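Down below is the structure, laid out as structure tokens.
The values are calculated or read from the model by the stated rules, or taken from the named source; none is laboratory data. If you're wondering where the values come from, they're calculated on a predicted model, not measured in any experiment. For the accessible areas, the whole protein counts, side chains as well, though only heavy atoms, and no ligand, DNA or RNA atoms are used. Shrake-Rupley method; radii C 1.70, N 1.55, O 1.52, S 1.80 Å.
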Amino acid sequence: MIDFDRKEGLRYLGYRDVQPDAAVEERIARCAADLQAAAQPKSVFASFPLSYPEEDALAFAGVVIHSRNLLRNLKGCRRVYLMAATLGIGPDRLIARASAVRMSDAVIYQAVAAAMIESYCDEVNESIRYEAGRDGLYCRPRFSPGYGDFRIEHQHDLCRLLDTSRRIGLTVTESCLLAPVKSVTAVIGLSDTPQPCHRRGCEECKKTDCAFRR
């Protein structure tokens with residue numbers, strides 16, 4: 001069963017300095033139980049050598065990326081893990097049904113599912129951290145296409161390299177959105193030196209006007 005960070009769920013719902021009332025809390029708990037029953041989490045990850053073919057670019061497995069934010073995140077790294085994780089199609093179906101019947105529930109499903117996929121990514125991240133540690137390497141914070149200037153079009157590259165369609169049922173639409181929706185792809189740098197936090201998200205993104213920023 002996938003757990004989720006309640007504070008993250010409330011943040012996605014827009015609760016920052018106030019707490020929801022008892023009725024809303026009950027609906028959040030009910031929606032969370034529905035999602036936990038519907039989710040079928042799957043993940044895949046693999047390691048690739050990292051190079052720097054140009055001053056402002058990095059490359060792995062034939063993919064060249066121009067991103068100052070990702071370069072800063074990966075500074076000093078010579079390998080990366082690519083990861084992909086999904087909650088499966090179940091949460092998407094719950095959200096779609098609720099959108100047609102009770103939009104307020106659809107909003108809660110969206111928020112709680114977003115918190116759930118982040119919690120699941122943290123679990124996958126821990127597996128990667130453990131595997132990297134056996135080789136004497138340390139993980140940098142995961143960084144996803146769409147953060148900062150890391151172009152969302154690179155979803156296609158990550159999914160292709162990880163063969164996500166066959167292995168975990170995760171595909172990318174023509175508009176570069178992931179399907180199922182509650183899915184994540186990310187790059188995780190491997191370094192010879194430790195970093196205190198290896199699971200930051202918003203802290204690595206420079207979009208400071210985002211409504212969902214921590």
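Below is a table of values for the structure above.
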read-out	value
For the chain: lysine pairs under 28 Å (alpha-carbon distance), excluding those fewer than 8 apart on one chain	9
Carbon and sulfur %, accessible surface of the chain computed with the full protein complex present, 1.4 Å	51
Whole-Hz ³J(HN,Hα) from phi, Karplus 6.51 cos²θ - 1.76 cosθ + 1.60, for the range 69-81, glycine and proline x	5, 5, 4, 5, 5, 9, 3, x, 8, 10, 9, 9, 9
The range 11-84 - Rg over Rh from alpha carbon coordinates, Kirkwood radius	1.26
Residue-by-residue Karplus 3J(HN,Hα) for the range 179-184, coefficients 6.51, -1.76, 1.60, Hz, glycine and proline x	9, x, 5, 7, 9, 9
Other-chain or far-sequence residues with amide H under 5 Å of Gly88's (modelled H)	Gln40, Lys42
Global geometry of the range 104-160, whether rounded, prolate or oblate, following the gyration tensor of its Cα atoms and the 1.5 cut on a/c	oblate
Asp163 long-range amide H proximity, modeled H, under 5 Å	none
Relative frequency of Cα-Cα separations exceeding 31 Å in the chain, percent	21
